[in-house]
Amino acid sequence: LTFLSIGLFFKPGLHYGVDFTGGIMMEVQAPGMAVDDLRSAIENQGLGDVAIQEYGAEHEFLLRAANSGGDSPAPMVVEQLKATIVAANPDASFPKVDVVGPKVSGEFADLSMLALLIAGAGMLVYLWVRFESHFAVAALATIGLDLTKTIGFFALTGIEFNLTAVAALLALLGYSINDKVVVFDRVRELFRLEPEADIDSLMNRAVTSTLTRTIYTSLTTFLALLPMGLAGGDAVNSFALPMLFAVVIGTSSTIFIATPILSVLSKRRAANGKPQLRPTAEEIQQELAHLP
């Protein structure tokens, strides 16, 4: 799935939104006009792919039109949109029109990548300090696979990849790492209780003992997101649909990927004569008490 997702990233690629390609964002107030009427009026004029979502109060809308080329969207496109909307509703007004140029959209892309890297680095440091290095490596490797498959989901479905989608990826990071920390904490507890136990058996018991909690948490999250994904429309599609996919991927990867990786790394540490966990403060005090 990861290799297929990488292939989909290059072809057909992601459907980038205005935030990353540049374009027009226009607020429209059209009293008495429904979103379907507004969409029909714009489509009948052949103005290209314009995303429309209800925004703010009733009969207020947000239009997003991607940059069709050049250094910035042509002012003619803005005027055509305004003329089309006014022809359909003479009472329409345009409180705000923003043009996102290539420079700004490039900055959005750079900052989004930076946000993902900082989040991943912070989680790596936390896991390394709170657990051990092999716990951190297992979790971060699995999260990398989760992110890759979610990117593939965007490419396969054609959902617009915008700043809302970046928020979904950041939410995936937090959700996935939380799920893995719960299982890893149980693994650590069993390592302390039974340091000589068979590693595969210990991992299996850790997953089994937390399985009920994992299923309930994932199911609750999934059911909360489902109405957004089914009926939320364009306003939340870039967040809700990828998160529905991410809940399934993040939960299953904890059981089928992260824990087996941790098992392999734990066996390697055992073969090298290294302890699975660093000693606690109490254990250090007990060792010091036996010194002459």
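The values are calculated or read from the model by the stated rules, or taken from the named source; none is laboratory data. A quick note: this is a predicted structure, and the numbers were derived from the prediction, not measured. Cβ: placed from backbone, ideal geometry, glycine included. Neighbour counts: every protein chain shown. The protein model used for the area step is the full one, side chains on, heavy atoms only, and it has no ligands, DNA or RNA in it. Shrake-Rupley method; radii C 1.70, N 1.55, O 1.52, S 1.80 Å.
Kindly evaluate Phe222 against the criterion of being open to solvent by 50 Å² or more (accessible area, probe 1.4 Å) and modelled with pLDDT of 90 or more.
Against the criterion (open to solvent by 50 Å² or more (accessible area, probe 1.4 Å) and modelled with pLDDT of 90 or more), Phe222 qualifies.
The requirement of being modelled with pLDDT of 90 or more, touching a Phe, Trp or Tyr at 6+ places or on another chain (Cβ under 9 Å) and not charged (D, E, K, R) is satisfied by Phe135.
Note on the range 17-32: residues that are closer than 19 Å to Val77 by Cα and open to solvent by 20 Å² or more (accessible area, probe 1.4 Å) total 5. Look through Ile24, Ile6, Ile42 and report the one residue that is touching a residue at least 24 places away in the same chain (Cβ under 8 Å) and not in a helix (DSSP H, G or I). None of the other options fit; the residue is Ile24. The residues in the range 35-53 that are open to solvent by less than 50 Å² (accessible area, probe 1.4 Å), modelled with pLDDT of 80 or more and of a type in the set (Gly, Ala, Ser) can be counted, and the count is 1.
Could you please let me know if Lys82 is surrounded by 12 or more Cβ atoms within 10 Å (Cβ to Cβ), of a type in the set (D, E, K, R), over 19 Å from Tyr16 (Cα atoms) and at pLDDT 75 or above? The answer is yes for Lys82. Across the range 198-217, not a single residue is classified as surrounded by 13 or more Cβ atoms within 10 Å (Cβ to Cβ) and under 30 Å from Val18 (Cα atoms). Output the number of the condition that Ser176 fails; it satisfies all remaining conditions of (1) modelled with pLDDT of 90 or more; (2) open to solvent by less than 50 Å² (accessible area, probe 1.4 Å). Just one mismatch for Ser176, condition (1).
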